[in-house]
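The values are calculated or read from the model by the stated rules, or taken from the named source; none is laboratory data. Predicted model only: the values in this text are computed from it and were never measured. Please note: Cβ atoms are built from the backbone with ideal geometry, for glycine as well, and neighbour counts cover all protein chains shown.
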């Protein structure tokens, strides 16, 4: 009797696994954070830097760190960073003086004084 269970167990596990696969939904498209999360792990140790152009005409440079859960915003290539963090993929980044939200290739920054800037990633048009 014990040998019948030993033979049937792998088949049951396989059948259960196949049933679970057939019910799974297609994966959602990756978020901007997920797309760039690997940028912080390049072999050279450099961060992924992405240029944006904001609605006020100013450039903005975004460095992705910590698997995409932290960003540094800079107004110039060598400018001081404003660091913002997100608690999880796809959520809003929060910093001391601003918040940032990604939607596709667009980044919306709301500063502490209420000023909102909408920035578009360059090279995506």
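Quick check on my filter: what residues within the range 88-114 are in a loop (DSSP other than H, G, I, E, B) and under 11 Å from the mean Cα position of the chain (by Cα)?
88, 89, 90, 91, 92, 104
Take the residues in the range 104-125 that are farther than 15 Å from residue 60 by Cβ and out of contact with any helix residue (DSSP H, G or I) (no Cβ under 9 Å at 6 or more places or on another chain), then tell me which one is surrounded by the most Cβ atoms within 10 Å (Cβ to Cβ).
Among residues in the range 104-125 that are farther than 15 Å from residue 60 by Cβ and out of contact with any helix residue (DSSP H, G or I) (no Cβ under 9 Å at 6 or more places or on another chain), the one surrounded by the most Cβ atoms within 10 Å (Cβ to Cβ) is 112.
Being surrounded by fewer than 18 Cβ atoms within 10 Å (Cβ to Cβ) and not in a strand (DSSP E or B) is the filter here, so list the residues in the range 50-68 that pass it.
Hits for the range 50-68 are 55, 56, 57, 58, 66, 67.
Would you check if residue 44 is modelled with pLDDT of 95 or more and either surrounded by 15 or more Cβ atoms within 10 Å (Cβ to Cβ) or outside any strand (DSSP E or B) (or both)?
Spelling it out, it is not the case that residue 44 is modelled with pLDDT of 95 or more and either surrounded by 15 or more Cβ atoms within 10 Å (Cβ to Cβ) or outside any strand (DSSP E or B) (or both).
Restricting the search to the range 104-123, which residues are in contact with a strand residue (DSSP E or B) (Cβ under 7 Å, 6 or more places away or on another chain) and touching a residue at least 24 places away in the same chain (Cβ under 8 Å)?
105, 107, 109, 117, 118, 119, 120, 121, 122
Looking only at the range 77-87, count every residue that is part of a strand (DSSP E or B) and surrounded by 17 or more Cβ atoms within 10 Å (Cβ to Cβ) and tell me the total.
Residues flagged as part of a strand (DSSP E or B) and surrounded by 17 or more Cβ atoms within 10 Å (Cβ to Cβ) within the range 77-87 amount to 2.
Looking only at the range 90-103, decide whether some residue is surrounded by fewer than 18 Cβ atoms within 10 Å (Cβ to Cβ), in contact with a helix residue (DSSP H, G or I) (Cβ under 6 Å, 6 or more places away or on another chain) and in contact (Cβ under 8 Å) with a residue 24 or more places away in the chain.
Checking the range 90-103: not a single residue is surrounded by fewer than 18 Cβ atoms within 10 Å (Cβ to Cβ), in contact with a helix residue (DSSP H, G or I) (Cβ under 6 Å, 6 or more places away or on another chain) and in contact (Cβ under 8 Å) with a residue 24 or more places away in the chain.
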